[in-house]
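Peer 1: Following this message is one structure expressed as structure tokens.
The values are calculated or read from the model by the stated rules, or taken from the named source; none is laboratory data. Remember, it's a predicted structure, so these values are computed and weren't measured experimentally. Note: ideal-geometry Cβ built from the backbone for every residue, glycine included; neighbour counts use all protein chains shown. Each accessible area value is taken on the protein alone, full model and side chains, heavy atoms only, with ligands, DNA and RNA left out. Shrake-Rupley method; radii C 1.70, N 1.55, O 1.52, S 1.80 Å.
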Amino acid sequence: MTRVAITTLGCRTNQEEGSALARLLAAQGFTVVPFPGPADAVVVNTCTVTSGADADSRRAIRRAVASAPGALVLVTGCYAQVSPQAAALPGVHYVVGHGAARRIPELIAMGRPSRVTVLAPPLPRRLDDGPLAHGAAGGRTRAFLKVQDGCDAFCSFCIVPFARGRSRSLPIAAAVARLRALALEGYREVTVTGIHLGDYGRGLPPGTDLVSLLRALLEADVVPRLRLSSLFPSHLTDDLVRLFETAPALVPHVHLSLQSGDDGVLARMRRPYRRADVERAVRRLVERVPDVGLGADLIAGFPGETPEAAAATVSLVESLPFGYLHVFPYSPRRGTLAARQGGALGPDEVRRRAARLREVAAGRRAAWHRRAIGRVVEVLVEAGGEGRSREYLKVRFDGRPAPPAGRLVRAEVTADLGEAVLARAVE
């Protein structure tokens, strides 16, 4: 029986697609084994969101070649889609774009080609419930449900529209059916995910949007928790905030694709909101959902970012109750508008600005953890005696034996551990 190892880099959507591939391979009789380790074939599911992600992808490819001598090596994902020739490193046999990902089991069965083969058919125009539409890694308590792919926003810094194609959505009935299937497999929490999740509904009947999808998933009432992947601040509409306020299964956690707190930088980024929109949306959310866990992505050192603009981002995130921040130093992506705009900062200055934002992030996380001390939170227990609260606090249980994985337990937060909080189960 052919042993296949899979390693996946990048975002939640990529992780979901990697686990979906594992499920597809297992269903077709292959044995999915851990990476790295002995294997007959290795699949590297890559990312290209930044130049650092490109470098990580290349390192993962080289590691795959070295970890399983003689194995068939296939490279797929966004780096394979955007830079197929660069992904064809020594030892690689197939480079498989998104449009050919469903052929991976067939390619493995075919065996080694006479020379490296690049498969890059056009990206699909619709998102359906096919064999690579959804996945969840075996043995985990949380699963992903991909309902949207692609992006039409074309922000000036972003390569994703070129890697993923135009925005497309999974019909509501198919999403509900897949949610029911995940519930039957025992998953207690499902993250609804997409490349541009707030654009859900593109290509579907008029009136179909993210809120109508969520209402249908909540009405199915088959999992205790639904979580959302990242949103633009402009996606925090009154209807969505009302859903967070009134639907217990929709956990109070919002991760914003924010990127900057300065209007000039946001304009250069071609983002569809400004600082005042962010402040208004977040304060309305916090007023109506006081315990919400709030996170954000930020880009440090964007071309043309003045010291005053960098300070504006710091002041924004310090003025709002963010619990955590993901900071990315700007890196130019060939083919994007930002790479041609001019005003690039030196690498040392970009690193300094990223370091400053990470200092702020550490302070916001510490304040978030301090606010949680003494509270009782609901935790979904995962392997290793850890879990996540509804608000997305990372929770470690104290010295007593942790509850078994997969259980929802109430726990009192007792201390800040830096990257997590300490808690004791109270039931």
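Peer 1: So, in Å, what gap is there between the alpha-carbon centers of segment 56-85 and segment 216-272?
Peer 2: 34 Å
Peer 1: Say we join alpha carbon atoms closer than 10 Å with springs in a Gaussian network model of the chain; which of SER389, SER67, SER169 then has the biggest fluctuation?
Peer 2: Among SER389, SER67, SER169, the largest GNM mean-square fluctuation belongs to SER67.
Peer 1: Could I ask something else about it? Dipole of the chain (Lys/Arg Cβ +1, Asp/Glu Cβ -1, origin at the Cα centre): which of ALA181, ALA60, VAL421 lies farthest to the positive side?
Peer 2: Farthest along the dipole direction, towards plus: ALA60.
Peer 1: I would also like to ask the following. Report the antiparallel proportion of the DSSP beta bridges in the chain as a percent, rounded to a multiple of 5. Numbers along the way, then the final one.
Peer 2: Numbers: 20 of 66 bridges.
Roughly 30 percent of the DSSP beta bridges within the chain come out antiparallel.
Peer 1: Additional query: Let me know the charge dipole size of the chain about its Cα centre in debye, to the nearest 20, where only the beta-carbon of Lys, Arg (+1) and Asp, Glu (-1) is charged.
Peer 2: Values: 57 positive and 41 negative charges, 142 e Å.
The calculation lands at about 680 debye.
Peer 1: Tell me the accessible surface of VAL292 in square angstrom (1.4 angstrom probe, heavy atoms of protein chains only), to the nearest ten.
Peer 2: Its accessible surface works out to 20 Å², give or take rounding.
Peer 1: Related question: Given the options LEU357, HIS369, ALA71, identify the residue whose Cα lies farthest towards the positive end of the charge dipole of the chain (+1 on Cβ of Lys, Arg; -1 on Cβ of Asp, Glu).
Peer 2: Most positive-ward Cα: ALA71.
Peer 1: Also, I was wondering about something else. For the chain, what does -39500 (n - 2.57) per DSSP helix run (n ≥ 4), summed and divided by total residues, give at 222 nm, in deg cm²/dmol to the nearest 500? Numbers along the way, then the final one.
Peer 2: Working: 14 runs with 151 residues, N = 427.
My calculation for the chain gives -10500 deg cm²/dmol from helical runs alone.
Peer 1: Of all the accessible heavy-atom surface of the chain, with the other protein chains kept in place and a 1.4 Å probe, what percent is carbon and sulfur?
Peer 2: Details: 9250 of 17720 Å².
Roughly 52 percent, rounded to a whole number.
Peer 1: Hey, another quick one. If packing is taken as the mean number of other Cβ atoms within 10 Å per residue, what is the order of 300-313, 43-56, highest first? If you can, show how the numbers build up before the last one.
Peer 2: Numbers: 300-313: 19.2, 43-56: 21.4.
So the peptides 300-313, 43-56, ranked by packing, come out 43-56, 300-313.
Peer 1: Please name whichever of ALA220, VAL192, HIS235 sits farthest to the positive end of the charge dipole of segment 174-279, dipole taken about the Cα centre and charges placed at Cβ: Lys and Arg +1, Asp and Glu -1.
Peer 2: Checking the options against the dipole of segment 174-279, the answer is VAL192.
Peer 1: For the chain, what is the accessible area per residue in Å² when the probe is 1.4 Å? Spell out each step's value before the answer.
Peer 2: Details: 17720 Å² over 427 residues.
Spelled out: the 1.4 Å probe surface of the chain, per residue, equals 41 Å².
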